[in-house]
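Undergrad: Sharing a structure here in structure tokens format.
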Ligand SMILES: *Cc1c(COP(=O)(O)O)cnc(C)c1O
């Protein structure tokens, strides 16, 4: 066996062990609050990691991966699918300029970071032109002092944006997404996110998804009703620095 193969086997074993640990954390977090672990989808955040890691995740039975940069994700999806055609679902979780909507619509099955009307409209236009439909989530800002670049719409405006998304062609509103401020109290932040979700769900019963929780705070998110956690480091290890 050559060293390249040995290296990828080592990587597979590492990811497999990490996945088992994360799944165990999800299970015990669910048990702690009387939820069924089957209600919580694990989305592995593969940003900055190579296509070969996504191929390993495919082998290990993962169903969902997330990326935060258009220029990285499109080629990565193409590379993965040329090697192992799969039914993996690709999520966009990063801040998105309107002029990238067309490109994102070619690879993303779901865009979780919809936080303004101009972006929702651009995604709808792109999806219509491509003849596909895209699931969307409203990203809600949970920061008390919103900082540039973090994204998210203020909670008070989220329902209005949800209404717009639901009315636009080729977009399906499936829920809300949030990132807890760090440092900060994730319980308090996810509590607010859950309230926003409840209001949106009342108006749009099919918006069932609550995307909350990362490597450091998945237990809190699950306690507040997360139906999906987005886990990077705890599965794939330390990320190379973002450029
Ligand atoms: C990077 C990222 C994650 C994953 O964070 P980890 O701490 O590595 O688990 C989750 N959500 C968003 C929006 C991210 O940008």
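Undergrad: Using alpha-carbon positions, what is the distance between the centroids of the stretch 177-194 and the stretch 34-52, in Å?
TA: 19 Å
Undergrad: Name the residue, out of 98, 31, 89, whose mean-square fluctuation peaks in a Gaussian network model built on the chain with Cα pairs under 10 Å.
TA: Taking springs between Cα atoms under 10 Å, the residue moving most is 31.
Undergrad: How large is log10 I(q)/I(0) at q = 0.13, 0.15 Å⁻¹ when the Debye formula is applied to the Cα atoms of the chain, each weighted equally and without solvent?
TA: Cα-only, vacuum Debye calculation for the chain: -0.79, -1.05.
Undergrad: Now for a different question. Let a ≥ b ≥ c be the square roots of the eigenvalues of the Cα gyration tensor of the stretch 29-145; is it rounded (a/c under 1.5), or, if not, prolate (a/b larger than b/c) or oblate?
TA: Numbers: a/c = 1.82, a/b = 1.11, b/c = 1.64.
It comes out oblate by the Cα gyration axes.
Undergrad: Could you give me the percent of Cα pairs per 5 Å distance bin for the stretch 89-224, shortest bin first, beginning at zero and ending with the bin that holds the maximum distance?
TA: Histogram of Cα-Cα distances, whole percents per bin: 2, 11, 23, 24, 20, 12, 6, 2, 0.
Undergrad: Also, I was wondering about something else. What is the Cα centroid distance between the stretch 94-111 and the stretch 11-25, reported in whole angstrom?
TA: Here the answer is 29 Å between Cα centres.
Undergrad: For the stretch 138-193, how big is Rg over Rh, using alpha carbon atoms and the Kirkwood form of Rh?
TA: A ratio of 1.02.
Undergrad: Another one. Looking only at 167, 82, 28, which one moves most when the chain is put into a Gaussian network model with springs between Cα atoms under 10 Å?
TA: Top of the fluctuation ranking is 82.
Undergrad: If each Cα of the stretch 1-43 is one equal point scatterer, what is log10 of I(q)/I(0) from the Debye formula at q = 0.13, 0.28 Å⁻¹?
TA: Values returned for q = 0.13, 0.28 Å⁻¹ are -0.42, -0.91.
Undergrad: Another question, then. Taking the simple approach of a point 7 Å from Cα along Cα-to-Cβ for both residue 23 and residue 128, what is their distance in nm?
TA: 4.3 nm
FYI, it's all coordinate maths here, none of it is from the lab. Bear in mind the structure is a predicted one, so any value in this text is a computation, not a measurement. When we count neighbours, we look across all protein chains shown, and the Cβ atoms used for this are built from the backbone with ideal geometry, even at glycine.
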